[in-house]
1. Do you know which residues across segment 5-16 are away from the ligand (no atom under 13 Å from the Cβ) and either closer than 21 Å to Phe93 by Cβ or surrounded by fewer than 24 Cβ atoms within 10 Å (Cβ to Cβ) (or both)?
2. Residues to consider are Val139, Val110; find the one that is open to solvent by less than 10 Å² (accessible area, probe 1.4 Å) and within 13 Å of the chain's Cα centre (by Cα).
3. In segment 148-178, which residues are open to solvent by 70 Å² or more (accessible area, probe 1.4 Å) and over 13 Å from Phe96 (Cα atoms)?
4. Out of all the residues in segment 174-222, which are modelled with pLDDT under 80 and in a loop (DSSP other than H, G, I, E, B)?
5. Looking at segment 17-42, which of the residues that are more than 7 Å from the ligand (Cβ to nearest atom) and in a loop (DSSP other than H, G, I, E, B) is nearest to Pro190 (Cα to Cα)?
6. Inside segment 107-159, can you point out the residues that are assigned to a loop (DSSP other than H, G, I, E, B), more than 8 Å from the ligand (Cβ to nearest atom), of a type in the set (A, V, I, L, M, F, W, C) and closer than 18 Å to Gly242 by Cβ?
7. Out of (1) open to solvent by 70 Å² or more (accessible area, probe 1.4 Å); (2) more than 17 Å from the chain's Cα centre (by Cα); (3) touching a residue at least 40 places away in the same chain (Cβ under 8 Å), the odd one out for Ala77 is which?
8. Of all residues in segment 69-94, which are within 14 Å of the ligand (Cβ to nearest atom) and assigned to a loop (DSSP other than H, G, I, E, B)?
Amino acid sequence: MTSKRFDGAVAVVTGAGNGLGRASAERLSAEGASVVVVDVNGESAERVSAGLAGPSIAVQADISTEEGVQRYIDAAAAEFGRIDLHHLNAGIFGSFAALPDLSVDDFERVMAVNVRGQFLGLRAAFRRFREQGGTGSIVVTASIASLTGSADLLPYVTSKHAVAGLIHGAAMYGGPLGIRVNGVAPGIVPTDLFAAAATTSGGKNDMEQRASTTPLRRAGTAEEIAAVAAFLLSDDAAYLTGQIVSADGGATIVNTVRPSGGAGAWNTDRVDEALYGANWKDSAR
Ligand SMILES: NC(=O)c1ccc[n+]([C@@H]2O[C@H](COP(=O)([O-])OP(=O)(O)OC[C@H]3O[C@@H](n4cnc5c(N)ncnc54)[C@H](O)[C@@H]3O)[C@@H](O)[C@H]2O)c1
C-alpha cells in the first residue's frame with residue numbers, strides 16, 4: 001500500500017456536517033487521517049462520520065461556546081489519544097440587511113460563531129499541542145470577505161476580517177513552536193450557507209451569475225476548497241504559515257475599475273467578446 005499524507009494523524013474538522021467541512025473531513029479521511037467530525041447539528045455529524053473511509057467519531061458541539069469546544073477536544077483525546085490537525089471551519093452568514101437595519105443580535109451572533117468560535121478553537125488547539133508536547137497544523141476557513149468589502153453582509157465581512165487577524169496572530173505565536181496556522185479563503189461555492197438567503201440579491205439565486213464574473217467564470221466546488229485545506233495542513237506546506245490562500249476562481253485579483261474587470265461586469269459575454277473576439281468560446285474550450 002502506498003503511504004498517504006495523513007497516515008497516523010488525527011484531525012478535527014468543525015462544521016463538518018455539511019458543505020466545505022464535510023468535503024474536508026472526506027478528503028482528510030481518504031488521505032489516511034482519523035477524523036473527528038464536529039457540528040452543532042449532531043445528526044449531520046453522525047451521517048458524515050459514518051460515511052468516511054477511515055476511523056472517525058461524530059461530536060455534537062456548538063463551537064461558539066467554551067463548553068462546546070472542550071467537548072470535542074475531550075472526545076477526540078478520549079477516542080484517539082491526540083490531535084494533530086485542526087480545520088476550524090464552522091461559520092455562519094448572518095443577515096443580508098442593509099447597514100441601518102442590522103440588529104445588534106445579528107451582529108453578535110455572527111461574531112460569536114465566526115470570531116469567538118475560531119478564537120476558542122485556536123486556543124484549544126494550542127493548549128492541546130502544549131499538553132501533548134508536540135506540534136501540529138491548523139487551517140482556519142477565512143473567506144473572500146476576509147480580504148475585500150461589500151455593501152451587504154456587514155457582520156460577516158467584519159467577522160471574516162477578524163479571522164485574518166486571528167490567523168496572523170496565532171501564526172506569529174506558533175511559528176517558534178513549529179505550529180503552522182494558515183487560512184483558506186473560498187470565493188463562491190454553492191453550499192447551504194446561502195440557502196437561507198436564497199431569494200435575496202447576493203444569495204443563492206444569483207450565485208452562478210456572480211461566480212461567472214470571476215476570471216475562471218464559474219463557482220468552486222467544496223472538493224476544490226478541501227484540496228487547498230488539506231495541502232495547507234500537510235507537510236507539503238511545511239514552509240507556509242500565516243498565509244490566507246484564496247481559492248476563489250481569481251475573484252480577489254480583479255481590478256474593478258477596468259472595463260475588462262470581471263467582478264461587477266454582469267454581462268461577461270460582452271466583455272469576453274470584446275477581449276477574445278466573436279465566437280471565442282468555440283475555440284477556447
Ligand atoms: N460556501 C462558500 O461560498 C463560502 C465562501 C467563503 C467562506 N465560506 C466559509 O466556509 C465555512 C463553511 O461554510 P459552508 O459553505 O460549508 O456552510 P454550510 O452552511 O454548508 O456548513 C456549515 C456547517 O457548520 C455548522 N455550524 C454552524 N454553526 C456552528 C456552530 N456554532 N458550531 C458548530 N457547527 C456549526 C452547520 O451546522 C453546518 O453543518 C464557513 O466558515 C463559511 O463562512 C464559505
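The values are calculated or read from the model by the stated rules, or taken from the named source; none is laboratory data. Fair warning: this is a prediction, and the values are worked out from it, not measured in the lab. Because the Cβ atoms are built from the backbone with ideal geometry, glycine has one as well, and the counts that use them run over all protein chains shown. For the accessible areas, the whole protein counts, side chains as well, though only heavy atoms, and no ligand, DNA or RNA atoms are used. Shrake-Rupley method; radii C 1.70, N 1.55, O 1.52, S 1.80 Å.
1. Going residue by residue through segment 5-16, those that are away from the ligand (no atom under 13 Å from the Cβ) are 5-11.
Result: Arg5, Asp7, Gly8, Ala9, Val10.
2. Working: Val110 fails: within 13 Å of the chain's Cα centre (by Cα).
Selected residue: Val139, the only one of Val139, Val110 that is open to solvent by less than 10 Å² (accessible area, probe 1.4 Å) and within 13 Å of the chain's Cα centre (by Cα).
3. Our first condition is that a residue be open to solvent by 70 Å² or more (accessible area, probe 1.4 Å); within segment 148-178, this holds for 151, 161, 168, 172-173, 176-177.
His161, His168, Met172, Tyr173, Pro176, Leu177 - these are the residues of segment 148-178 that are open to solvent by 70 Å² or more (accessible area, probe 1.4 Å) and over 13 Å from Phe96 (Cα atoms).
4. Ala198, Thr199, Thr200, Ser201, Gly202, Gly203
5. In this case the residue turns out to be Glu31.
6. Here is the first cut: in segment 107-159, the ones assigned to a loop (DSSP other than H, G, I, E, B) are 133-136, 142-143, 147-153.
Now restrict to residues that are more than 8 Å from the ligand (Cβ to nearest atom): 133-136, 147-153.
If we keep only those that are of a type in the set (A, V, I, L, M, F, W, C) as well, we get 147, 151, 153.
If the condition is that a residue be assigned to a loop (DSSP other than H, G, I, E, B), more than 8 Å from the ligand (Cβ to nearest atom), of a type in the set (A, V, I, L, M, F, W, C) and closer than 18 Å to Gly242 by Cβ, then Leu147 is the only one that fits.
7. Of the numbered conditions (1) open to solvent by 70 Å² or more (accessible area, probe 1.4 Å); (2) more than 17 Å from the chain's Cα centre (by Cα); (3) touching a residue at least 40 places away in the same chain (Cβ under 8 Å), the odd one out for Ala77 is (1).
8. Within segment 69-94, the subset within 14 Å of the ligand (Cβ to nearest atom) is 69-73, 75, 86-94.
Hits for segment 69-94 are Asn89, Ala90, Gly91, Ile92, Phe93, Gly94.
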